[in-house]
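Participant: My questions all concern the structure below.
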Amino acid sequence: MTEIDTKTEPSVVAEEIIETAESKADIELLKEMIGAGVMYGHTKTKTNPKFKPYIIANRNNVEIIDLAKTVSAIGLAAEFLKNLVKENKMILLVGTQPSASGAIENLAKKFNLPHVKNRWPGGLITNFKSISGRLEYFKKVQADMALGEFDKHTKKERVVINKNIERMRKLFGGLENLTKLPDALLVVDTAIKGHLTAIKEARQLKIPIVSIIDSDDNPDFADYPIPANDHAKMSVDWVMNCLDKQINI
């Protein structure tokens, strides 16, 4: 992609990006991405030095992400994930921020994959044996509740039981089908504290990581980094939908 004027307004930057397209299909794709805000990073002061190769310009102190590199990265990540899905491998999805939790949950349900959308349970990977025991207990309690096993308790006791179940649901909800260590992680935003813990745990066990990364992220934390706006719901939805379509091909 050609050099973009770093001092232009957003509409002009968008036009210049579109002018780099080589076909009508590329034009439509870039328009989609621009409309979803995929190109917008964080302010320059937050930029991770290792992310600079993915930046094509800066507009009003906001980093502009090179969409050609985003498209290429999505293709590589989707191919990797597609092969895992074909082989019925376990992919664990992680996206606890409001901009990502919905898209993470939707993709997880579609492919019957475990996901974390509230907060990362520390030790989920590195202490899997212990955590899986607590997860099995949570599943049993949920099953007992559905069967009315707690109806025999007093109202006061049921209040305590329900609070405990809700606490476990926030921690383990979405992980019911995590029956073994994951074969890969798909993480939205590596800069979030809980996500960093997930990445460190995966790295410790040499589990590959796919991640949507923004200008404040370190691309070295992912084996398949996807440079894109990870703080806006429309952008995250677009990238996740794109992965979904390519995995399904």
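Participant: Within the range 21-41, count every residue that is modelled with pLDDT under 85 and surrounded by fewer than 16 Cβ atoms within 10 Å (Cβ to Cβ).
Facilitator: Qualifying residue count, the range 21-41: 6.
Participant: Picking from Asp144, Asp217, Asp189, which residue would you name as being loosely packed, with under 15 Cβ neighbours inside 10 Å and among the charged types (D, E, K, R)? So that I can check it myself, show each step before the final result.
Facilitator: Working: Asp217 fails: loosely packed, with under 15 Cβ neighbours inside 10 Å; Asp189 fails: loosely packed, with under 15 Cβ neighbours inside 10 Å.
After ruling out the rest, the residue left standing is Asp144.
Participant: With Lys89, Lys44, Lys109 as the choices, which residue is at pLDDT 90 or above, in contact with a strand residue (DSSP E or B) (Cβ under 9 Å, 6 or more places away or on another chain) and not assigned by TED's automatic domain parsing to the domain that holds Ile213? Write out each step before concluding.
Facilitator: Values: Lys89 fails: not assigned by TED's automatic domain parsing to the domain that holds Ile213; Lys109 fails: not assigned by TED's automatic domain parsing to the domain that holds Ile213.
So the residue among Lys89, Lys44, Lys109 that is at pLDDT 90 or above, in contact with a strand residue (DSSP E or B) (Cβ under 9 Å, 6 or more places away or on another chain) and not assigned by TED's automatic domain parsing to the domain that holds Ile213 is Lys44.
Participant: While we're looking at this one, here's another question. Residues that are part of a helix (DSSP H, G or I), over 15 Å from the mean Cα position of the chain (by Cα) and within 26 Å of Leu196 (Cα to Cα): does the range 137-158 have at least one? Show your work before the answer.
Facilitator: Of the range 137-158, the ones part of a helix (DSSP H, G or I) are 137-146, 155-158.
Filter again for over 15 Å from the mean Cα position of the chain (by Cα), leaving 137-146, 155-158.
Filter again for within 26 Å of Leu196 (Cα to Cα), leaving 138.
Within the range 137-158, one or more residues are part of a helix (DSSP H, G or I), over 15 Å from the mean Cα position of the chain (by Cα) and within 26 Å of Leu196 (Cα to Cα).
Participant: Please find, among Ala222, Ala228, Ala232, the residue that is buried (at least 24 other Cβ atoms within 10 Å of the Cβ), among the aliphatic types (A, V, I, L, M), assigned by TED's automatic domain parsing to the domain that holds Gly123 and under 15 Å from the mean Cα position of the chain (by Cα).
Facilitator: Values: Ala222 fails: buried (at least 24 other Cβ atoms within 10 Å of the Cβ); Ala232 fails: buried (at least 24 other Cβ atoms within 10 Å of the Cβ).
Testing whether each residue is buried (at least 24 other Cβ atoms within 10 Å of the Cβ), among the aliphatic types (A, V, I, L, M), assigned by TED's automatic domain parsing to the domain that holds Gly123 and under 15 Å from the mean Cα position of the chain (by Cα) leaves just Ala228.
Participant: Somewhere in the range 194-214, is a residue of a type in the set (D, E, K, R) and in contact with a helix residue (DSSP H, G or I) (Cβ under 6 Å, 6 or more places away or on another chain)? Explain how you work it out, then say what you get.
Facilitator: At the first step, the residues of the range 194-214 found to be of a type in the set (D, E, K, R) are 200-201, 203, 206, 214.
Now narrow it down to the ones that are in contact with a helix residue (DSSP H, G or I) (Cβ under 6 Å, 6 or more places away or on another chain): none.
No; the residues of the range 194-214 include none that is of a type in the set (D, E, K, R) and in contact with a helix residue (DSSP H, G or I) (Cβ under 6 Å, 6 or more places away or on another chain).
Participant: Oh, and also: With (1) within 15 Å of Pro225 (Cα to Cα); (2) modelled with pLDDT of 95 or more; (3) not in a helix (DSSP H, G or I) as the list, and Arg203 as the residue in question, which single condition is left unmet?
Facilitator: So the condition that Arg203 fails would be (3).
Participant: Among all residue pairs at least 6 apart or on different chains, which show Cβ distances below 7 Å where the first residue, located in the range 125-152, is of a type in the set (Asp, Glu) and the second is at pLDDT below 80?
Facilitator: Asp144/Phe150
Participant: If the requirement is being part of a loop (DSSP other than H, G, I, E, B), assigned by TED's automatic domain parsing to the domain that holds Arg203, small (Gly, Ala, Ser) and within 30 Å of Val239 (Cα to Cα), which of these qualifies: Gly102, Gly122?
Facilitator: On the way: Gly102 fails: part of a loop (DSSP other than H, G, I, E, B).
None of the other options fit; the residue is Gly122.
Participant: Select from the range 104-129 the residues that are aromatic (Phe, Trp, Tyr) and surrounded by 21 or more Cβ atoms within 10 Å (Cβ to Cβ) and list them in ascending order.
Facilitator: Result: Trp120, single match.
Participant: Shifting gears a bit: Considering only the range 221-237, how many residues are in contact with a Ser or Thr (Cβ under 7 Å, 6 or more places away or on another chain) and assigned to a helix (DSSP H, G or I)?
Facilitator: 3
The values are calculated or read from the model by the stated rules, or taken from the named source; none is laboratory data. Everything quoted here is computed from the prediction, not taken from an experiment. When we count neighbours, we look across all protein chains shown, and the Cβ atoms used for this are built from the backbone with ideal geometry, even at glycine.
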